[in-house]
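Data block below; observations after.
What follows is calculated from the coordinates using simple rules that are stated; it is not laboratory data. All figures in this text were calculated on a predicted structure; none of them were measured in a lab. Using ideal geometry, Cβ is built from the backbone for each residue, glycine included, and neighbour counts are taken over all protein chains shown.
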Amino acid sequence: MNWQEYEKEVFNALREIYPNCEIEINDSIFGIFSLAERQIDFANRGEIAGETILGIVDCKYYNENVDVKDVESFIGMVQDVNANFGILITKKRYSLAAKNRVKYSNLKLEVLTLNELNEIDISVDYFFNKSNKGLRLSKYEFFKRWSRNTGYFDSEKSNYQQRSLVFKEGFANTEFYAQ
């Protein structure tokens, strides 16, 4: 398989997973910081909870793992085009540094292989819970919010050491959203 066939496979997977979204191949989006047209492999536009969203997908057809420089470049592009989320897909895996960089990003960002693409459920909960990663709360503030809203947080997935508050399914879009 060459890179064009690989991108066609990714496109077909995106169409299958997101049938209600408009997916544009080889899109061009004007960057708000770079003030230049940015080439996007796939732009995914749709609605969630009545809001229009933009997701961008970049394909890496590398013979080696995606590294932290690739991830940082993609983070910059997601910010520049003001996308709501980004998905970086590779035919290989990604380095530990790349994985860590995504983990501590404030963006909604996924680094996946093509086979992992269908594991993402882009929902209201996905957006709210993802933005709660890396909170800069003191220990006091973290546990204060926890005690006040304990019925809404998932106790197994929330973790102070990781600065992560995760809502139970269906509660992320309530007034108790902690940012």
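Label separation (Glu64 vs Asn100): 1.9 nm, computed from points 7 Å beyond Cα along the C-beta direction.
Compared with the direct C-alpha span, the chain from Asn20 to Lys92 gains 23.1 nm at full extension, assuming 0.36 nm per residue.
A simple packing score, the average count of other Cβ atoms within 10 Å per residue, orders the peptides 152-161, 96-105 as 96-105, 152-161, with the highest score first.
Mind scanning Lys60/Lys103; Lys8/Lys92; Lys8/Lys157 and naming the pairs with a C-alpha gap bigger than 27 Å?
Lys8/Lys157
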